[in-house]
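The values are calculated or read from the model by the stated rules, or taken from the named source; none is laboratory data. If you're wondering where the values come from, they're calculated on a predicted model, not measured in any experiment. Note: ideal-geometry Cβ built from the backbone for every residue, glycine included; neighbour counts use all protein chains shown. Note: areas computed on protein heavy atoms with side chains; ligands, DNA, RNA excluded. Shrake-Rupley method; radii C 1.70, N 1.55, O 1.52, S 1.80 Å.
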Amino acid sequence: MRLKNIIGLVIAALIIVGSIVFSLWGDWLWFGSTGYQNVFTTVLFSGLGIGALFGSGFLVFGLANLFLAKKLSIKGKKKPPKDVGKALILIILFFSLMVGLTFSSWEVVLKYLNPAPFGIADPVFGLDIGFYAFQLPFLGYLLAFLGTMIALATIITVLSYAGYLKLFDIKPRQRIELEMEPVQINVPSFTVNFEKFKEKATHHVSGLIGLLFFVIGGSIWLSRYSLLLSGGGAVYGAGYTDMAVSIPFITVLTVISVAIGILFLVNMKVQSWGIITKGIAAFIIISIIGSVAAGAVQGLVVGPDEFNLEKPYIDYNIQSTLAAYGLDRVKESEFPVSYDLSMEDIQKNSATIDNIRLWDWRPLRKTYDQLQLFRTYYDFYDVDIDRYQIDGMYKQVLVSARELNTGDLPSGARTWVNEHLVYTHGHGVVMIPVDKVSGEGLPEFYVKDIPAKASYQSLEIDRPEIYFGEETDTYAIVKTTTEELDYPSGDQNIYTTYKGDNGVPLSDLFTRLVYAVKFRSVEMLFSGSIKPESKLLMYRDIRDRASTIAPFLNYDQDPYIIISDGRLYWMIDAYTTTDMYPYSEHIYSDWDSFNYIRNSVKVVVDAYSGEVNYYVIDQSDPMIQVYGKIFPGMFKDFQDMPEGLKAHIRYPDDLFNVQIAMYSYYHMKEARVFYNKEDVWVTPNEIYRKSKERMMPYFVILKIPGEDSPEFISMMPFTPRGKQNLIGWMAAKSDDPGYGDLLVYTFSKQELIYGPMQIEARIDQDTGISQLITLWDQSGSSVIRGNTLVIPIEDSILYIEPLYLEADEAGTLPQLKRVIAAYGDRLTMQESLDEALSVLFGAAPSGPGVTIPSDMTSEETLAEITRVYNLAQDSLKAGDLGSYAEYMAQIGELLA
């Protein structure tokens with residue numbers, strides 16, 4: 001190899017190694033600035049240590065076999081062939097590196113070393129679930145390493161004997177004349193010295209293959225436990241065929257594998273291949289017989305009588321799945337519906353009525369954009385729902401953080417200085433009550449504007465800057481000589497300097513070099529704005545920040561922002577999961593695959609400082625107990641969370657969606673009903689704009705049957721599969737005490753309870769409402785039909801659907817124009833929720849200047865219809881199509 005090539009390789013290696021070292025050093029400094037450096041060192045050094053252990057283990061084993069092969073091959077010879085040993089040592093070193101990198105999983109090993117019991121035994125072998133979650137993965141991991149090590153060592157050993165014994169004896173080129181053509185060619189010739197190889201290598205290779213069969217036997221034996229984690233049969237987990245056929249055959253194959261291993265070891269002395277050949281043949285034949293027998297039993301025995309034979313295993317599946325997803329604690333009860341709700345009941349449940357969400361987050365976000373962005377570089381990434389005690393009232397609100405998005409800066413302003421030194425943070429939040437609407441159909445704000453203006457003292461924000469958020473995916477350098485933009489004020493900009501202590505100090509040139517390499521930024525190294533006091537803020541996306549610190553947790557897709565004690569905080573729900581829970585059904589979500597889940601941790605991120613705290617809310621979860629042992633001091637007790645933040649914990653969306661999906665099948669706890677799938681529930685659809693969409697869980701404040709006060713809950717209605725009527729609803733409590741309680745209320749199957757799509761159909765069939773929607777949906781405007789809310793009140797069900805109107809051109813400002821309410825067979829659309837409820841439950845205004853008394857006689861009703869019809873005609877002549885449609889809707893109500 002030429003010198004310049006060697007120099008090029010060395011330079012390339014130095015660049016690669018240097019980049020890795022700089023990246024690790026940069027992360028080391030960052031973890032130190034967050035207070036979680038022990039997590040970084042545990043993960044890094046345990047991974048390196050485990051990889052080094054397995055890599056060096058292979059290195060020692062490989063070299064031992066190489067030297068043994070060399071010793072046996074050159075016995076009696078003076079000098080071994082040149083370069084054979086060097087080449088093989090290089091191969092062993094390469095394999096050692098690959099083995100070390102492959103088998104460096106800190107999590108598998110540390111979970112094995114720090115187990116925690118589940119306190120539940122599997123129904124087949126009687127082993128604690130902790131064996132499957134913590135021990136079984138490690139045992140499989142260890143056997144995989146041993147099998148890899150022995151297989152690679154066998155290859156190296158064969159190559160060693162081939163090299164040292166000159167298995168392929170290549171002779172010099174000979175000239176051969178071809179009779180067919182007048183051409184002479186030179187070809188090498190070689191002979192295979194197989195007898196010499198057989199004489200020298202048989203003992204050694206036999207021993208290695210014997211060890212390999214021991215490992216194969218161990219792997220086969222462990223596969224009996226994996227049957228409890230397999231799918232594809234009548235249930236998830238081992239079924240009748242597995243228990244009657246597969247497990248006995250696994251036992252036989254394990255014994256045969258060990259016996260073959262012993263025969264190979266004996267063959268080191270006896271050198272009798274006949275019995276080994278027969279043993280391997282028996283292994284193959286019994287494997288084939290086992291597969292055929294399993295298929296035959298499944299088809300001929302189980303198939304004709306599947307339910308009776310699989311019933312015990314169906315029960316195992318139901319019980320295990322409910323336990324694994326936390327559904328074994330669901331309290332299920334009947335919800336008898338009676339249509340006798342009165343205005344007095346409505347007033348008695350004012351806490352629920354005053355918190356009915358009239359604002360759908362999708363059109364509301366557009367409204368926020370038009371009313372509260374102020375500059376193009378701000379963005380409302382999401383709208384979150386929460387509740388606050390406001391002026392003595394328990395109010396449900398919609399909150400959105402005004403984050404900074406440097407991607408929306410004008411192209412000419414997207415310089416390194418602007419993106420990383422000037423435009424560093426968002427500013428404040430907007431908050432509205434879910435039920436308030438202005439006369440123009442716009443939201444009424446509790447918190448608005450820049451700087452933030454709060455309608456109540458408890459909502460005032462002293463530290464409105466948002467340096468860490470859902471949309472903040474760039475690094476920022478603060479405390480520089482360049483001032484940061486704080487917020488715009490009219491034609492002027494207000495500037496500020498970060499006052500927090502968090503961040504990585506850029507106090508020396510080497511640290512700046514480290515991050516210049518990490519972020520590929522020359523400016524970071526040479527910028528004159530950076531001072532010794534400057535701090536680097538990185539990993540500013542809150543989910544990225546939390547998952548970088550604790551990558552072993554899964555995180556909810558919907559963090560939400562909280563105002564507490566004048567500061568802004570983000571709350572992220574974190575989950576522990578495993579796919580090793582016997583007999584529990586797997587679920588495949590967008591963010592993971594698992595068959596056990598717990599919302600064990602609430603993560604709180606300070607929007608200003610980026611400080612991250614992990615609070616354990618479910619101490620009974622064995623998974624979080626294990627992580628607590630691995631990372632001592634990382635997790636805090638939930639009781640240590642500040643009271644202002646505790647008041648805002650809520651049941652997480654992703655977990656509730658998973659539990660809804662599972663409970664729609666696993667509420668069928670009787671084996672035969674489950675087997676026949678007789679009573680499958682589904683989540684209903686609703687109409688958004690003009691298309692069907694799957695209804696998502698929604699938060700409401702209501703009084704749970706049997707409870708004394710209203711609570712903040714997440715709920716989801718269910719419909720039977722293939723039908724549109726409601727069959728029940730599920731609720732998850734968010735308030736403490738009782739946080740996390742799951743409740744299911746079922747309706748009578750002999751009585752029709754309207755489902756969301758049936759309410760949507762009734763809206764479409766209502767002449768007055770459909771006429772108005774048709775009129776509004778013309779002439780450059782569009783009607784948006786918001787969420788259909790199913791609201792349980794007393795022993796009745798109320799349906800609410802808001803109606804929005806927006807212009808078709810860009811920069812639209814959706815307005816809430818009407819509220820549709822349904823109760824029993826009654827349906828109305830009015831300008832406000834109060835008017836709609838008054839129409840449903842008592843006398844109420846039903847249009848401009850028109851009132852419908854609840855006790856009108858037939859003659860009075862006909863006279864009123866005539867009067868309203870005349871008003872409608874006058875409106876039509878005047879070109880007032882909106883009033884015309886409203887009058888026609890009132891006529892429809894009068895006729896009803």
(message) Suppose a student asked you for the relative contact order of the chain, using Cα pairs under 8 Å spaced at least 6 residues apart; what percent would you report?
(response) 10 percent
(message) What does DSSP give for the chain in terms of the percent of beta bridges that are antiparallel, rounded to the nearest 5?
(response) 90 percent
(request) Write out the GluC sites (Glu not before Pro) in segment 646-746 meeting two conditions: DSSP loop, and at most 14 other Cβ atoms within 10 Å of their Cβ. (result) 670, 678, 707
(message) Less than 18 Å apart at the alpha-carbon level, and either on another chain or at least 8 residues along: which aspartates and glutamates does that give for residue 636?
(response) 573, 606, 611, 618, 621
(request) Place a +1 charge on the Cβ of each Lys and Arg in segment 303-383 and a -1 charge on the Cβ of each Asp and Glu, then give the dipole magnitude about the Cα centre in debye, rounded to the nearest 20. (result) 620 debye
(request) State the three equivalent ellipsoid semi-axes of segment 1-140, derived from the C-alpha gyration tensor as the square roots of 5 times its eigenvalues, in descending order and whole Å. (result) 39, 29, 9
(request) Report the far tail of the P(r) of segment 731-814, meaning the percent of Cα-Cα pairs longer than 18 Å. (result) 62 percent
(message) Computed from the coordinates I sent, mean projected area of the Cα convex hull in nm² equals one of [x] 42.8; [y] 47.4; [z] 55.2. Tell me the label.
(response) [z]
(message) Just to check I understand the Karplus step: with θ = phi - 60° and J = 6.51 cos²θ - 1.76 cosθ + 1.60, what whole-Hz values come out for segment 475-480, glycine and proline as x?
(response) 7, 9, 10, 10, 6, 9
(request) Round to a whole angstrom and tell me the spacing of the C-alpha centers of segment 577-625 and segment 308-349. (result) 24 Å
(request) Find the Cα radius of gyration of segment 207-302, compare it with 2.2 N^0.38 Å by division, and give the number to two decimals. (result) 1.24
(request) Would you please state the base-10 log of I(q)/I(0) at q = 0.11, 0.15, 0.17 1/Å for segment 408-508, with intensities from the Debye formula using one equal scatterer on every alpha carbon? (result) -0.45, -0.76, -0.91
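Per-residue ellipticity at 222 nm for the chain, helices alone: DSSP H runs ≥ 4 residues times -39500 (n - 2.57), over residue total, nearest 500 deg cm²/dmol? Let's see the in-between values first.
Numbers: 24 runs with 367 residues, N = 896.
The helix-only estimate for the chain comes to -13500 deg cm²/dmol at 222 nm.
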(request) Work out from phi, with θ = phi - 60° and the Karplus expression 6.51 cos²θ - 1.76 cosθ + 1.60, the ³J(HN,Hα) of each residue of segment 496-503, listed in order in whole Hz, and give x for Gly and Pro. (result) 8, 10, 4, 10, x, 9, 7, x
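Send over a whole-number figure in Å² for the accessible area per residue of segment 627-786, probe 1.4 Å.
Details: 6360 Å² over 160 residues.
For segment 627-786, the solvent-accessible area averages 40 Å² per residue.
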(request) Report in % the part of the accessible area of the chain that belongs to carbon and sulfur, leaving out ligands and nucleic acids; probe 1.4 Å. (result) 57 percent
(request) Output ³J(HN,Hα) for segment 262-272: one whole-Hz value per residue in order, computed from phi by the Karplus curve 6.51 cos²θ - 1.76 cosθ + 1.60 with θ = phi - 60°, and x for Gly and Pro. (result) 5, 4, 5, 5, 4, 5, 4, 9, 7, 6, 10
(request) Hey, can you grab everything whose amide H is under 5 Å from the amide H of residue 711? Only 5+ residues off in sequence or another chain; H modelled, so Pro and N-termini drop out. (result) 702, 703, 704
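Report the charge-dipole magnitude of the chain in Debye, nearest 20, computed about the Cα centre from +1 at each Lys and Arg Cβ and -1 at each Asp and Glu Cβ. Kindly include the intermediate steps, with their values, before the conclusion.
Details: 74 positive and 104 negative charges, 1531 e Å.
Roughly 7360 debye for the chain.
Under a Cβ-Cβ cut-off of 12 Å, what is the net charge of the residues other than residue 64 that fall near it, where Lys and Arg count +1 and Asp and Glu count -1? Walk me through the intermediate numbers first.
Numbers: positive: 70, 71; negative: none.
The answer is +2.
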(message) When 1/r is averaged over all different Cα pairs and the result inverted, which Kirkwood radius in Å belongs to segment 571-688?
(response) 16.7 Å
(message) With the cut-off at 24 Å, tell me which of the pairs 692/817; 331/395; 348/817; 436/723 have Cα atoms farther apart than that.
(response) 331/395; 348/817; 436/723
(request) Taking H placed 1.01 Å from N in the peptide plane, check which residues at least 5 places from residue 332 or on another chain put their amide H under 5 Å from its amide H. (result) 744
(request) Determine, for segment 1-128, the count of lysine pairs separated by eight or more sequence positions (or lying on different chains) whose alpha-carbon distance falls under 27 Å. (result) 12
(message) How big is the dipole moment of segment 495-542 about its Cα centre under a simple scheme where the beta carbon of each Lys and Arg is +1, that of each Asp and Glu is -1, and everything else is neutral? Debye, nearest 20, please.
(response) 60 debye
(message) Report the Cα centroid-to-centroid distance between segment 31-64 and segment 675-719 in angstrom, as an integer.
(response) 48 Å
(message) I'd like the trypsin sites (Lys or Arg not before Pro) in segment 323-405 restricted to DSSP loop residues with at most 13 other Cβ atoms within 10 Å, sorted by number.
(response) 329
(message) As I understand it, the dipole of segment 510-648 uses +1 on the Cβ of Lys and Arg and -1 on the Cβ of Asp and Glu, about the Cα centre. Which of 525, 596, 554 lies farthest toward its positive end?
(response) 525
(message) Please report the spacing between the Cα centers of segment 503-568 and segment 106-171 in Å, no decimals.
(response) 39 Å
